[in-house]
Structures are given as C-alpha cells and as structure tokens.
Amino acid sequence: MKIRNPRTGKTDYEIAPLSGETVTDIAQQLRAAQTGWAAKTPEERGAILLQWADAIEVNLGTIIPALTNDTGRGGISKIEAAGVPGQIRRWARTAPQLIAEGQPADQPTSVPTITTSTELVPYQLAGVISPWNFPMTLALIDAIPALMAGSAVLIKPSEVTPRFIKPLMATVEQIPELAAVLSIIEGDGKTGAAMIDQVDYVCFTGSVATGWKVGESAAQAFIPASLELGGKDPMIVLASADPETAAATALRASIVNTGQACQSIERVYVAREIAEPFLASLTAQAEAVALNYPDINKGHIGPFIFEKQAEIAQNQIDDAVRKGAKLVTGGAVENLGGGLYLRPTILTDVPPDSNIIREENFGPVIPVVIYDQIEEAIAQANDSIFGLSAAVVGGSVTEAEQIASHLKAGAVSINDGSLTSMVWEAEKSSFGYSGLGASRMGASGLMRFFRKRVLIRQSGEAARIEAFAEENF
Ligand code: NAD
C-alpha cells in the first residue's frame, strides 16, 4: 500500500497491511505472554514502562522525523512525540494506587456474617484502532493504561500515517518484557476489522461512520468498546467577553493543527452586542496567520494530512456559500508544492442547514453565527448529532460556567477552547454520536480495562434449604 506524503503529495512510503491470519497469530502470542505480565505487581509493570519512556526519549531523533513525514508538521510532531514519555510516567506513578483502591478487602455488607473482597481482573488482550490526526498520541493514549492494568495490547494505527510505527516499535523491542505484550502493527481498515474478533476490549478513535461499524462488530464479538469519535464543537461568545481576546481564543482553538483535532472549535456563536468588533478582530488575526510553507519551521499551520479531508473541507465551504453564507476570508484549498493548504477561513450568515454547521469539517474553518438571545445560542449549539466538547467565553468564569451547564457536551472549556487536548485528569462522557463507552480520561482510563471479581465470604452458617420451605413463610 503506497502512502502519500502530506507536504509533497508524492507517495514515498509503503506498508504491507497485515492479513487476518497474521493478526490472529500475533494475538495468540500476546495472549500467551499476558499471563506473566498480569502476574507482575503494578509497580513492576510501571518500572518496565518507565524503561520504555526513557527509550522513547533517547530515540526521539528517529521518531520525530517519521512523525513529521506522516503529518507534514514540525512543532506539533515534536510536542506529540516528546509528550508520550510524560504520559507513560504519569500512569506508572498513578496506576498502582488506583489499582490498590479498586480492590477493597473485607468490606462489610448488609448481612452481618458476610464480607466481600474485590479483585481486579484485566482483560487479557486490548485492541487499539487509531486515526491519523495525532498518530502517536492516539495510538498510545489507551494502550498505556491498558498495559498498566495488566492487559496485553495490539495497536493498529491509521494507514494514512504509518511511518512512526517502525521507530516506535524499535523502542519497544529494546525491552523484551514489554515487546512480549505490546505489538504495533501496520494495516488498513480490513486489518482493524480483523482485530476486533481477536481482542477482549476494543478502543477505537476515529470517525462516526467507522465507529459505528466497530461498535457493531464489538457487539457481535460480545466485547466492550470505547468509541471516541468525531465532534462539531461549538463556542459561545457572551456579550460580556472581550472581543479581541475571544477572537484570539476562537482562532487558535479552531485552526491549530490545521483544524485536524476532534476537539477543534468548529462553530462560533457570538452575541450581537460584540459581533462587529469580534469579527473584525477575528478576521485581522486570521489574515495574519502564515502557512508552514515553504519552510516547515516557519508559520502557524501546515498542510492537510489526508488529501480527502481537504476535499471535504472545500466542499463544505462551497456548499455554505451556495446556500447564502458570506466568505469573509480564506476559502480555497491551495496546492503548494504538492501539499494541500487552507488559510484560516471565516464564514458569516451561515444557514443552519449548511453542511459546515452540521458535519465535521476537520479544517481551519470558522463559521460565525450571530445571536440575540443566549437561549437561541444554547439551542443552536445543542442542535447537532455530535456532543464531544464545547466552549464558552465570557467576561467572567462564573458567567461562562452558568451557560456551560446547559450544553450537551462531554467537556466544556470555560474562557478558553479545546482544553481537553491539555487536561486528561478528569473523566468525561461524549454526548450523541461523539462516542460511547467508559471515559479514557481520568481514573476510568485505567479502570475500564478490568473486570471485577468479588469474593463474597460467609463467616456464619450457610443457609439450608429448610429456610426456604414454604411452611416457614
Ligand atoms: P477513520 O474512522 O477513517 O479511521 C480510524 C481508524 O479505523 C483507522 O486506523 C482505520 O484504518 C480504521 N478502520 C477503518 N475501517 C475499519 C473497520 N471497518 N473496522 C475497524 N477499523 C477500521 O478516522 P480518521 O479519518 O483516521 O480520523 C479522523 C476522525 O477521528 C475524525 O472524525 C475525528 O474527529 C476523530 N477523532 C476523535 C477523537 C476523540 O478522542 N473523540 C480524537 C481524534 C480523532
């Protein structure tokens, strides 16, 4: 399978997607090694993962260039790869206590002679299927806590961005105990589909359309699934907000990483009182944004990673304009040196039935809708099949928070945007089609990989059948 380079548009890499039979073989090997892995204490597993964190850090020099070629972006690839050792260390530090707390012993019950002890039993093999927008982070975000729980893990990153797999696997192979229970494989959708039949838990990050299929396959296989899907995050800008600061926040949260983030702000609802200065500032700031072209080390936003996404973004802009929206700035995908770029694009007077309001865009596009009453803004923000996250920007945290509580979203950033990219400690649940299953954030990110086995201890006399004789009632 030939892989396109997002900066040159040329195919310069190849993968051989693994077949279903190979996936089955790998799954069996991982299962065989998992027994020993689960028998270790959480501290022992943590110590092995800490070695991996160090190995990744030492090998960033090979991982970052691969990730840069995968995604066409420089700085964010550095942040992405360099952030992984920190995530491993955080789970290695916090998991042992969470696991201890999750196994309370000798708990009293409503029956005086009966006590309980809880055991946590990890799912033997967790599968991770991940997308192309943050290839390394999203391949590992579920895998690290699953390993800490004692599961073996099979990861299939997106076929759009597979170059980082080899240098990352090289770090895994430096630690034989880890290599026995963690495999990161090359493959496409078929490989992903084959995995679902082989694992005991599936963690999927990707589009709603594929997530739906994965959910159905997981139901057929009778295994739990964590589905982390798309979003159409709204930002509400209150009349009390400072227009310039709100515009800066909306712009960054919409266009960073070329808008290719599930938690990107994709719609802005601004109060009429400040709409004019807000739009003027947003436009001026958007027009000052530079492309990372021709120099990858300069500017703010890079090319689309996936060429089909550029087409989707363009089609949505054209659809909105056809339906009466006004294009304020940007609006046309440019082919520069083979890469597909879109300058920050602002649309106003956007009809609510335009695709740009209803469907995920995943590009640096900001449709701005002006509202008169806050109830109207809340209703429009909530009028979506998605419910991943949202944002409210106002004059004070308290005021913004009052509005946030009315939004159908798993996370709401207050006086900022897209904060779920920075804060992973708190649990959240998606609304609507943005996802299903246990939260990957917070303690649940780890605890979802356990079944609970309760030992129910009778220290008195076990009841005899006579107790149930009808004559006694
Ligand atoms: P995608 O759904 O096209 O692909 C995701 C993964 O699924 C890939 O690895 C792909 O090979 C695999 N796949 C395809 N068909 C499959 C099948 N039938 N069975 C099993 N696996 C299959 O998504 P994408 O285009 O790579 O990623 C972009 C999407 O991901 C956006 O919608 C974005 O919002 C979403 N996303 C969500 C989050 C989140 O945390 N909620 C984070 C990042 C991205």
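The values are calculated or read from the model by the stated rules, or taken from the named source; none is laboratory data. None of these values were measured; they are calculated from a predicted model. Glycine also receives a Cβ, built like all others from the backbone with ideal geometry; neighbour counts cover every protein chain displayed. Note: areas computed on protein heavy atoms with side chains; ligands, DNA, RNA excluded. Shrake-Rupley method; radii C 1.70, N 1.55, O 1.52, S 1.80 Å.
Per-atom-type breakdown for segment 369-466 gives carbon and sulfur 54% of the accessible area (1.4 Å probe, protein chains only). Here r is the Cβ-Cβ distance between Arg457 and Thr22 and R0 is 41 Å; the resulting FRET efficiency, rounded to 0.05, is 0.35.
Taking the DSSP bridge list for segment 259-417 and keeping only pairs wholly inside it, about 35 percent are antiparallel. Tilt of helix 20-39 relative to the longest C-alpha principal axis of the chain, in degrees (0 to 90, nearest 10)? Between helix and principal axis, roughly 60 degrees.
Legend: calculated FRET efficiency, Phe473 to Glu216, from the Cβ-Cβ distance at R0 = 51 Å, rounded to 0.05, equals 0.60.
Over 24 Å apart at the Cα level, from the set Lys326/Lys408; Lys78/Lys298; Lys232/Lys323; Lys190/Lys428; Lys2/Lys232, are Lys326/Lys408; Lys190/Lys428; Lys2/Lys232. Measure nothing but the geometry: give the 0 to 90° angle between the long axis through the Cα atoms of 60-71 and the longest principal axis through the Cα atoms of the chain, rounded to 10°. Roughly 60 degrees between the two axes.
Extension gain Gln29-Tyr13, at 0.36 nm per residue separation less the Cα-Cα distance, in nm?
2.9 nm
Between Ala379 and Lys78, the simple label model (points 7 Å from Cα in the Cβ direction) yields a spacing of 4.9 nm. Charging the Cβ of each Asp and Glu at -1 and of each Lys and Arg at +1, and nothing else, the dipole of segment 366-473 about its Cα centre rounds to 780 debye.
Mind giving me the FRET efficiency for Ser207 and Asp372? R0 is 35 Å, r the Cβ-Cβ distance, nearest 0.05 is fine. Display every interim value, and only then the final one.
Details: r = 35 Å, r/R0 = 0.99.
So the FRET efficiency works out to roughly 0.50.
Taking trypsin sites (Lys or Arg not before Pro) across segment 276-334, the ones in a DSSP loop with at most 15 further Cβ atoms lying within 10 angstrom of their Cβ are Lys298. Estimated from helices alone, the mean residue ellipticity of the chain at 222 nm is -12500 deg cm²/dmol (sum of -39500 (n - 2.57) over DSSP H runs with n ≥ 4, per residue).
Each label point was placed 7 Å from the Cα along the Cα-to-Cβ direction; for Asn355 and Ser396 their separation is 4.4 nm.
Take Asn335, project a point 7 Å from its Cα along the Cβ direction, then tell me which residues of segment 73-105 have their backbone nitrogen under 18 Å from it. Flagged as within label range: none.
Of all DSSP beta bridges located in the chain, what percent are antiparallel, nearest 5? Please report the intermediate quantities before stating the final value.
On the way: 22 of 58 bridges.
Percent antiparallel among DSSP bridges in the chain is about 40.
Accessible surface comparison of Asp25, Asp70, probe 1.4 Å, protein chains only, largest first: the order is Asp25, Asp70.
To the nearest 20 Debye, how big is the dipole of the chain about its Cα centre, given +1 on the beta carbon of each Lys and Arg and -1 on that of each Asp and Glu?
Working: 37 positive and 53 negative charges, 195 e Å.
Once rounded to the nearest 20, the dipole reads 940 debye.
Taking every protein chain into account, the accessible area of segment 334-407 amounts to 38 square angstrom per residue (probe 1.4 Å).
Could you tell me the convex hull volume per residue, in Å³, taken over the Cα atoms of segment 233-421? Before the final figure, lay out each step's value.
On the way: hull volume 19.2 nm³, N = 189.
In segment 233-421, the Cα convex hull volume per residue is 102 Å³.
Per-residue 3J(HN,Hα) values for segment 125-131, derived from phi via the Karplus relation 6.51 cos²θ - 1.76 cosθ + 1.60 with θ = phi - 60°, read 10, 9, x, 10, 10, 10, x Hz in sequence order (x marks Gly and Pro). Taken one residue at a time, the phi angles of segment 147-155 give Karplus couplings (6.51, -1.76, 1.60, θ = phi - 60°) of 5, 4, 6, x, 7, 7, 9, 10, 10 Hz. Gly and Pro are set to x. The angle between the Cα long axis of helix 272-287 and the longest principal axis of the Cα atoms of the chain comes to about 90 degrees, rounded to the nearest 10. Of the accessible area of segment 158-268, with the probe set at 1.4 angstrom, what percent is carbon plus sulfur? Here it works out to 59 percent.
Contact order, relative form, for the chain: 18 percent (alpha carbon pairs under 8 Å, 6 or more residues apart, mean separation divided by residue count).
The residues of segment 223-291 present an accessible area of 28 Å² per residue when probed at 1.4 Å with all protein chains retained. In order along segment 9-17, the phi-based Karplus estimate (6.51 cos²θ - 1.76 cosθ + 1.60, θ = phi - 60°) of 3J(HN,Hα) comes to x, 8, 8, 10, 8, 9, 10, 10, x Hz; Gly and Pro are listed as x.
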